[in-house]
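Below is one structure, written out as structure tokens; the observations come after it.
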Amino acid sequence: MRLVDVHCHLESKHFEGRLDSIISGAREAGIVRLITSSIVPEEWGLSESIARRYPEVEFALGVHPWYIKEGDEERVEALSRARECGAVAIGEIGLDKKSGPVPLERQKSLFDSQLAIARELDLPVIVHCRGAFDELRACVKKTGLSARGGLIHSFSGSVEIAAELIKQGFSFSFGGALTYRNSKKKEAVLKAVYPDRFMLETDSPDIPPVEAKPGPNVPANILYNLRAASEILGLSEEMVAEAGTANARRMFGLTLD
Ligand SMILES: [Zn+2]
């Protein structure tokens, strides 16, 4: 069984000095690729160096809407080099009306510029979106996505919203929230987007699955998310894992042998 954790944050200080064991745990769990997403420009160099160190790690560069600060409008111009330094996506970028200190207008402006760069570079985007799906759709309508499309991670919208976003070229990844097993809405969304628009993630070190050991979430815990997804879908874990891996491979241009 081959798994891809399409969204995690290996740059996190929770993983400092522990990456060798985190990555070998991921390998043992069957993870063949991890896509680590930076959240601030100060992490971009680290994302790249982690990916150089571990052959199964790919990286995305971006500014997360919670952490936008003075001067980032200029800093994101450097993302035009993302492709040449080996990034497989622009992310984590997005819009959040539910939490975070940054006014929506400012988020939109930075989101727009990062979308435009992704489009120009023909890279997919990895998106965080909370309570701002109308705004997200409007931004994407204006700027467009590259032909690779985009991934909305830890998707929290409805089946109807998912259908609209699919028309724009989005896919969705699901993580620890699947293990809460408390939401008919999430189950309906999972069933609606599976298999073609479905991927698996952990968002490590965040969103630990219910069954996981206490402490920061780790990529190996993707197995709990896989189990929850396969239970909800009524399909084998192997089948669900392969579907997510095939979609990740296509969107991010991963070479898996
Ligand atoms: Zn994240």
Matching option when the condition is in contact with a Ser or Thr (Cβ under 7 Å, 6 or more places away or on another chain) and in contact (Cβ under 8 Å) with a residue 40 or more places away in the chain, among R249, R197: R197
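Residue-by-condition table, conditions (1) under 30 Å from D122 (Cβ atoms); (2) hydrophobic (A, V, I, L, M, F, W, C); (3) in a strand (DSSP E or B):
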site	(1), (2), (3)
I161	yes, yes, no
L165	yes, yes, no
P205	no, no, no
P209	no, no, no
G215	no, no, no
A241	yes, yes, no
T245	yes, no, no
Selection from region 217-237 of residues that are hydrophobic (A, V, I, L, M, F, W, C), within 19 Å of V57 (Cα to Cα) and assigned to a loop (DSSP other than H, G, I, E, B): V218
Hits in region 94-109 (condition: in contact with a His (Cβ under 7 Å, 6 or more places away or on another chain) and crowded, with 24+ Cβ neighbours inside 10 Å): G94
Residue check for G86: in contact with a helix residue (DSSP H, G or I) (Cβ under 7 Å, 6 or more places away or on another chain), within 16 Å of the ligand (Cβ to nearest atom) and on the phi > 0 side of the Ramachandran plot: no
Criterion (buried (at least 19 other Cβ atoms within 10 Å of the Cβ), of a type outside the set (D, E), touching a Leu at 6+ places or on another chain (Cβ under 6 Å) and under 20 Å from A26 (Cβ atoms)) met by exactly one of I222, I207: I222
Pairs where the first residue, in region 3-20, is closer than 11 Å to T202 by Cβ and within 14 Å of the ligand (Cβ to nearest atom) and the second is assigned to a helix (DSSP H, G or I) and at pLDDT 95 or above, C-beta under 6 Å, 6+ apart: D5/P219; D5/I222; V6/A248; C8/P219; L10/I50
When residues of region 100-157 are limited to those that are in a strand (DSSP E or B) and of a type in the set (V, I, T), the one farthest from the ligand (Cβ to nearest atom): V125
Filter pass, E56 being of a type in the set (D, E) and within 16 Å of the ligand (Cβ to nearest atom): no
Among residues of region 23-39, those that are on the phi < 0 side of the Ramachandran plot and away from the ligand (no atom under 16 Å from the Cβ), counted: 10
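Looking only at region 141-184, count how many residues are among the hydrophobic types (A, V, I, L, M, F, W, C), within 17 Å of the chain's Cα centre (by Cα) and more than 14 Å from R197 (Cα to Cα).
So the answer is 3.
The values are calculated or read from the model by the stated rules, or taken from the named source; none is laboratory data. All values derive from a computational prediction rather than experimental measurement. Ideal geometry is used to build each Cβ from the backbone, glycine not excepted, and the neighbour counts take in all protein chains shown.
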